[in-house]
Amino acid sequence: EALIRWTHPRLGYVSPANFVPVAETSGLIEPLGQFVLRSACELGASWPGRFIAVNISPVQLRNPSFADYMLGLLEQTGMRPHDLEIEITEGILLDDETTAAMAIRRLRDAGVRIALDDFGTGYSSLNYLKRYPVDRIKVDRSFISQLQHAGASAAIVEAMVRLAHALGIMVTAEGVETA
């Protein structure tokens with residue numbers, strides 16, 4: 001997974017949780033996202049057969065020319081579309097269903113993999129799994145961190161995994177930090 005990090009000369013490590021929202025509200029998220037996508041695609045072109053996942057901002061996905069940009073970037077860099085997985089949040093689909101859905105379908109038709117990140121939080125809807133061409137769900141770490149205590153989190157994770165597998169969707173557990 002391609003993740004952006006920032007080490008500021010005076011401030012040191014700045015968390016993406018701090019600078020990404022600022023980039024989104026200031027209009028800098030698109031150039032920042034393009035930098036991450038280009039870097040990932042250039043690397044991916046040199047690693048055929050291995051896929052790279054990249055988080056996509058809602059701002060990027062709402063741009064009507066995003067799919068054109070993404071497909072052009074894959075062609076320019078030589079990365080194979082099926083070696084790229086874009087990670088989106090369910091909120092993107094809720095916020096701007098038409099524009100986002102068109103871009104998602106177009107990219108998926110070209111071979112790009114689609115993952116729903118942080119699945120199980122916020123706007124979770126089983127309708128998304130039925131309506132959108134999703135290849136993977138990433139179960140949010142808040143469920144995974146509670147698995148050792150069993151109970152509701154374990155039952156929910158088991159249900160999510162069984163449902164995803166029944167639909168032919170791959171599953172990734174985020175935040176696994178213990179045996």
Exercise for the section: Consider just the alpha-carbon atoms of the range 98-160 and return their Rg together with their Dmax, both in angstrom. Expected result: 13.8, 42
Exercise for the section: In debye, nearest 20, what is the charge dipole magnitude of the range 133-179 about its Cα centre with +1 on Lys and Arg Cβ and -1 on Asp and Glu Cβ, if you could check? Expected result: 80
Fill in the blank from the handout: Probe 1.4 Å, all chains present, heavy atoms only: residue 107 accessible area in Å², nearest 10, is 0
Exercise for the section: Among 165, 146, 132, flag the residue with its Cα farthest along the positive direction of the charge dipole of the range 130-173, charges on Cβ as +1 for Lys/Arg and -1 for Asp/Glu. Expected result: 132
Problem - Lys/Arg +1, Asp/Glu -1 at C-beta; the chain dipole; positive extreme among 99, 66, 110 - result: 110
Exercise for the section: Compute the accessible area per residue over the chain, keeping the other protein chains in place, probe 1.4 Å, unit Å². Expected result: 54
Handout entry: Amide proton proximity set for residue 89, modelled H, under 5 Å, gap of 5+
Key = 117
Completion exercise
In debye to the nearest 20, the charge dipole size for the range 1-153, taken about the Cα centre with +1 at each Lys and Arg Cβ and -1 at each Asp and Glu Cβ, equals 240
Practice task
Over the Cα atoms of the chain, compute the convex hull volume and normalise it per residue, giving Å³.
Solution key: 141
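Could you look at the chain and say what percent of its accessible area is carbon and sulfur, using a 1.4 Å probe and all protein chains? Please report the intermediate quantities before stating the final value.
Numbers: 5390 of 9740 Å².
Result for the chain: 55 percent of the exposed heavy-atom area is carbon or sulfur.
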Exercise for the section: Would you compute, from DSSP H runs of 4+ residues alone, the mean residue ellipticity of the chain at 222 nm, taking -39500 (n - 2.57) per run and dividing by the full residue count, rounded to the nearest 500? Expected result: -15000 deg cm²/dmol
Exercise for the section: Rounded to whole Hz and in sequence order, give me ³J(HN,Hα) for the range 160-175 from the Karplus expression 6.51 cos²θ - 1.76 cosθ + 1.60, θ = phi - 60°, writing x for Gly and Pro. Expected result: 4, 5, 4, 4, 4, 5, 4, 8, x, 9, 6, 10, 10, 8, 8, x
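The values are calculated or read from the model by the stated rules, or taken from the named source; none is laboratory data. Worth saying up front: this structure is predicted, and the values here are computed from it rather than measured. We place every Cβ from the backbone using ideal geometry, glycine too, and count neighbours over all the protein chains shown. These area figures cover heavy atoms from the full protein model, side chains too; ligands, DNA and RNA do not enter into them. Shrake-Rupley method; radii C 1.70, N 1.55, O 1.52, S 1.80 Å.
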